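Enquirer: Structure incoming, see below.
The values are calculated or read from the model by the stated rules, or taken from the named source; none is laboratory data. Since the structure is predicted, the reported quantities are computational estimates derived from the model, not experimental observations. All Cβ positions, glycine included, derive from the backbone under ideal geometry; neighbour counts span all protein chains shown.
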Amino acid sequence: MDMKVSKKKLGLKERYRLMTRDLGWDTTYQPKDKVLPYVGYEGIKIHDWDKWEDPFRLTMDSYWKYQAEKERKFYAIIDAHAQNNGHLNLTDARYLSALKIFLQAISPGEYAAHKGFARVGREFPGVGTQVACQMQAIDEIRHAQTQIHAMSNYNRYYNGFHAFADQRDRIWYTSVARSFFDDAMSAGPFEFMIAIGFSFEYVLTNLLFVPFMSGAAYNGDMATVTFGFSAQSDEARHMTLGLECIKFMLEQDPANVPIVQGWIDKWFWRGFRVLGLVSTMMDYMLPKRVMSWREAWNIYGVENGGALFKDLARYGITPPKGWDDAEKGIDHMSHQFMLGLYQWSFGTAFHSWIPSDEDMAWLSAKYPDTFDKHYRPRWNHIRKLAAAGTPFKNYGLAKLCQTCQLPTVFTEPDDPTLTCHRETTYKGEKYHFCSDGCQHIFDNEPEKYIQAWLPMPQLFQDPIKGDLGEWMKWVSLIDGKDNGDYAGSEDQQHFEAWRGLATTNQ
Amino acid sequence: MPVAATREYVGVPRDVAANFHGKQLVYVSWDRHLLFAAPFLLCVPPEMKFRELLDGPLAMLSQPDPDAAAIDWTQVEWLKSNQPWTPDFGRSLADNGIGHKDQLRFRTQGANTLLTAA
Ligand SMILES: [Fe+2]
Ligand SMILES: [Fe+2]
């Protein structure tokens, strides 16, 4: 468009006002609550939407400019990575298991977040909020795309990457993340903001992306490091917006406080359960480890989380209900989860393995109170079974938690030798949980969670009816290639052969 | 608490017994034997005798535990829905009152090799 503009350049503030607030409009032939019908039913009271402040004052035009620049840089590096056999710079192909889990479970979450923000951008009345949500919707779809593109190079050489979308929908270990997003997307717009803006962006981003991206750097994965950098400034903006949104709700009406507190309790625990996967990646799957899950929790959970809740205390917000139980689980969860992944590895589209002596020495140094006492004996026994030619496979499958959908691998908060059994009966049906936290979430909204699609019970229903081979086809898992122990896998053979070619004269 | 919703909200449970083609789910776990990462999920007919459950799937699945061979099923303590409970080995699951998605736990008195190994 050609337009003569003789006015001098606009200041940031004025520009923001014109490019956001001025885009607002009032309804004329329909009442406002018919155009925006979902903003009231959760019980959150907003008196003045103009009090919503975008701390970045980002307008769409500058947003496009920044993002386009990031895209150009990103794809230049990804192309170079592919052309220079970047996959052979990895420390070890075991690292790829962490990447496969990320692609199958977390990247689809970015896409879900995109859909959710596109929706709440339509449902919220405030213009500032609408614009911020639209930008985040675009960020999130970009994150999904850049992650998929970055990892697609590995798909040319290694197993387990080829069917991430089917696995997101149908396989069992991804359902903790899938159900997290399904739960958020089927909630109202304000709860969605707590679920994603607070729990995912604030609690999880630090504990998920920071260690994951450092893990990528430590293990020679330039592709992942690149998408991490490309998303970093977006994430910083999302975290700030998430927090801004919480404060906005709390400041608008004191009656909002108990509702927000309930969501913080719920979404902290849901987020914490997603971290079960992350703890395992950190402690077991990175050939060169960055820090232990415990160390990451101390920094990002205890210190940063503690500071956040101190900040929110002036609104009457207290730390989430499950906080103490979470702390009690930190030194156990990665071990409990990895033992599960190993014994059910016939059903995973990634490899797991028995930790080596060196791995176990590291684990016992990082977990002096728990690893040698509880987990080393189990791994030693599993190693004996493998050496005897009878590797441990648990075809008993697993009881899943009705809320978080993880196998109920966790123990009592105060007794690590006893599995935590929790159950309830609702309208004549039995439901099981991994923890008090998950049972509380169910008890608050049973009608929602009875609809949970649990992958393991599903295996015995139509269309699979308990046939493991059929199930593998249905989840696009190629038996003998995608699954099982890393030792002896195609991934291991290929990586070693190709790296040998690249680094020797053989 | 009801789900916050704009109109009446009614959910449909996904795992009702009718979906399992005449079988039912039973969860079984061996207390404090944590080589098994989670309670076993079994899909079995309600007409199955309790003894068949023990001698069949349960004996097979427990086998990797070093103490499995020493289980004396006559001495085992049982919990159903976390309450003490006594099964009748000769009767069916249904006659034992084991419903769809019931959780059974058992406790053995003997050695727990992997618990005391450290
Ligand atoms: Fe994102
Ligand atoms: Fe759970």
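Enquirer: Is it true that some residue in the range A:282-294 is within 14 Å of chain B (Cβ to nearest Cβ), in a helix (DSSP H, G or I), touching a helix residue (DSSP H, G or I) at 6+ places or on another chain (Cβ under 7 Å) and within 16 Å of ligand 2 (Cβ to nearest atom)? Please lay out each step first, then the result.
Expert: In the first step, residues of the range A:282-294 are kept if they are within 14 Å of chain B (Cβ to nearest Cβ); the result is A:284.
Subset that is in a helix (DSSP H, G or I): A:284.
Applying the additional criterion that residues be touching a helix residue (DSSP H, G or I) at 6+ places or on another chain (Cβ under 7 Å) yields A:284.
Restricting the remaining residues to those that are within 16 Å of ligand 2 (Cβ to nearest atom) gives none.
No.
Enquirer: Just one of A:Met282, A:Met239, A:Met291 is touching a Pro at 6+ places or on another chain (Cβ under 8 Å) and surrounded by fewer than 20 Cβ atoms within 10 Å (Cβ to Cβ); which is it?
Expert: Numbers: A:Met282 fails: surrounded by fewer than 20 Cβ atoms within 10 Å (Cβ to Cβ); A:Met239 fails: touching a Pro at 6+ places or on another chain (Cβ under 8 Å).
Exactly one of A:Met282, A:Met239, A:Met291 is touching a Pro at 6+ places or on another chain (Cβ under 8 Å) and surrounded by fewer than 20 Cβ atoms within 10 Å (Cβ to Cβ), namely A:Met291.
Enquirer: Here's something else I'd like to know. Of everything in the range A:34-52 that's loosely packed, with under 14 Cβ neighbours inside 10 Å and modelled with pLDDT under 90, which residue is nearest to the other protein chains (Cβ to nearest Cβ)?
Expert: Residue satisfying both the conditions and the ranking: A:Lys51.
Enquirer: Condition first: more than 16 Å from ligand 2 (Cβ to nearest atom) and not in a helix (DSSP H, G or I). Can you find one or more residues in the range A:125-143 that meet it?
Expert: Initially, the range A:125-143 is screened for residues more than 16 Å from ligand 2 (Cβ to nearest atom), giving A:125-143.
Then keep just the ones that are not in a helix (DSSP H, G or I); that gives A:125-126.
Yes; the residues of the range A:125-143 include at least one that is more than 16 Å from ligand 2 (Cβ to nearest atom) and not in a helix (DSSP H, G or I).
Enquirer: Let me ask something else. Kindly indicate which of B:Ser29, B:Ser92 is of a type in the set (Gly, Ala, Ser), within 8 Å of chain A (Cβ to nearest Cβ) and closer than 25 Å to A:Lys465 by Cβ. Walk me through it before giving the result.
Expert: Values: B:Ser92 fails: within 8 Å of chain A (Cβ to nearest Cβ).
Testing whether each residue is of a type in the set (Gly, Ala, Ser), within 8 Å of chain A (Cβ to nearest Cβ) and closer than 25 Å to A:Lys465 by Cβ leaves just B:Ser29.
Enquirer: Among A:Arg122, A:Arg94, which is the only one that is more than 16 Å from ligand 2 (Cβ to nearest atom), within 25 Å of A:Leu241 (Cβ to Cβ) and surrounded by fewer than 24 Cβ atoms within 10 Å (Cβ to Cβ)?
Expert: Values: A:Arg94 fails: within 25 Å of A:Leu241 (Cβ to Cβ).
After applying the criteria, what remains is A:Arg122.
Enquirer: Yes or no: A:Thr174 more than 16 Å from ligand 1 (Cβ to nearest atom) and within 15 Å of the chain's Cα centre (by Cα)? Show your work before the answer.
Expert: Working: more than 16 Å from ligand 1 (Cβ to nearest atom): yes; within 15 Å of the chain's Cα centre (by Cα): yes.
Taking the combined requirement at face value, the residue satisfies it.
Enquirer: Next question, about the same structure. Taking the range A:98-142, which residues are in contact (Cβ under 8 Å) with a residue 24 or more places away in the chain and among the basic types (Lys, Arg)?
Expert: Hits for the range A:98-142 are A:Lys100, A:Lys115, A:Arg119, A:Arg142.
Enquirer: Away from ligand 1 (no atom under 16 Å from the Cβ), touching a Leu at 6+ places or on another chain (Cβ under 8 Å) and basic (Lys, Arg), is that true of A:Lys399?
Expert: Working: away from ligand 1 (no atom under 16 Å from the Cβ): yes; touching a Leu at 6+ places or on another chain (Cβ under 8 Å): yes; basic (Lys, Arg): yes.
When the stated conditions are applied, A:Lys399 passes them.
Enquirer: Let me ask something else. Of all residues in the range A:355-411, count the ones that are within 16 Å of ligand 2 (Cβ to nearest atom) and not charged (D, E, K, R). So that I can check it myself, show each step before the final result.
Expert: Pass one, the range A:355-411, residues within 16 Å of ligand 2 (Cβ to nearest atom): A:398-411.
After this cut, where a residue has to be not charged (D, E, K, R) as well, the list is A:398, A:400-411.
Selection size over the range A:355-411: 13.
Enquirer: Could you grab the pairs with beta carbons closer than 6 Å, sequence gap of 6+ or different chains, first residue in the range A:391-404 and closer than 16 Å to B:Gln103 by Cβ and within 7 Å of chain B (Cβ to nearest Cβ), second one assigned to a strand (DSSP E or B) and aromatic (Phe, Trp, Tyr)?
Expert: Listed pairs, sorted by first residue: A:Gly396/B:Phe40; A:Lys399/B:Tyr27.
Enquirer: Another question, if that's okay. Among the listed residues A:Gly109, A:Gly160, which satisfies the condition of being on the phi > 0 side of the Ramachandran plot and away from ligand 2 (no atom under 16 Å from the Cβ)? Let's see the steps before the verdict.
Expert: Working: A:Gly109 fails: on the phi > 0 side of the Ramachandran plot.
Residue meeting the stated conditions: A:Gly160.
Enquirer: For the range A:358-374, enumerate the residues that are among the aliphatic types (A, V, I, L, M) and either crowded, with 16+ Cβ neighbours inside 10 Å or touching a Cys at 6+ places or on another chain (Cβ under 9 Å) (or both). If you could, list the steps in order and put the result at the bottom.
Expert: If we filter the range A:358-374 for residues that are among the aliphatic types (A, V, I, L, M), which is where we start, we get A:360-361, A:363, A:365.
Passing the criteria: A:Met360, A:Leu363.
Enquirer: Report, ordered by the first and then the second residue, all pairs with beta carbons closer than 7 Å, sequence separation of six or more or different chains, a first member in the range A:22-49 that is without any contact (Cβ under 8 Å) to a residue 60 or more places away in the chain and within 17 Å of A:Val257 (Cα to Cα), and a second member that is outside any helix (DSSP H, G or I) and of a type outside the set (A, V, I, L, M, F, W, C).
Expert: none
Enquirer: Being more than 8 Å from chain B (Cβ to nearest Cβ) and either within 16 Å of ligand 2 (Cβ to nearest atom) or in contact with a Lys or Arg (Cβ under 8 Å, 6 or more places away or on another chain) (or both) narrows it down to one residue among A:His421, A:His440, A:His432; which is it? Write out each step before concluding.
Expert: Values: A:His421 fails: more than 8 Å from chain B (Cβ to nearest Cβ); A:His432 fails: more than 8 Å from chain B (Cβ to nearest Cβ).
Exactly one of A:His421, A:His440, A:His432 is more than 8 Å from chain B (Cβ to nearest Cβ) and either within 16 Å of ligand 2 (Cβ to nearest atom) or in contact with a Lys or Arg (Cβ under 8 Å, 6 or more places away or on another chain) (or both), namely A:His440.
Listed here are the residues, each with its yes/no results for (1) in contact (Cβ under 8 Å) with a residue 40 or more places away in the chain; (2) closer than 30 Å to B:Glu8 by Cβ.
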{"site": "A:Cys420", "(1), (2)": "no, no"}
{"site": "A:Lys427", "(1), (2)": "no, yes"}
{"site": "A:Phe433", "(1), (2)": "no, yes"}
{"site": "A:Gln439", "(1), (2)": "no, yes"}
{"site": "A:Glu445", "(1), (2)": "no, yes"}
{"site": "A:Glu470", "(1), (2)": "no, no"}
{"site": "A:Asp479", "(1), (2)": "yes, no"}
{"site": "A:Asp482", "(1), (2)": "yes, no"}
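Enquirer: Let me ask something else. In the range B:42-72, which residues are among the acidic types (Asp, Glu) and either surrounded by fewer than 16 Cβ atoms within 10 Å (Cβ to Cβ) or under 17 Å from B:Asp88 (Cα atoms) (or both)? Before you say what the answer is, go through the steps one by one.
Expert: We begin by selecting, within the range B:42-72, every residue among the acidic types (Asp, Glu); these are B:47, B:52, B:55, B:65, B:67, B:72.
Passing the criteria: B:Glu47, B:Glu52, B:Asp55, B:Asp72.
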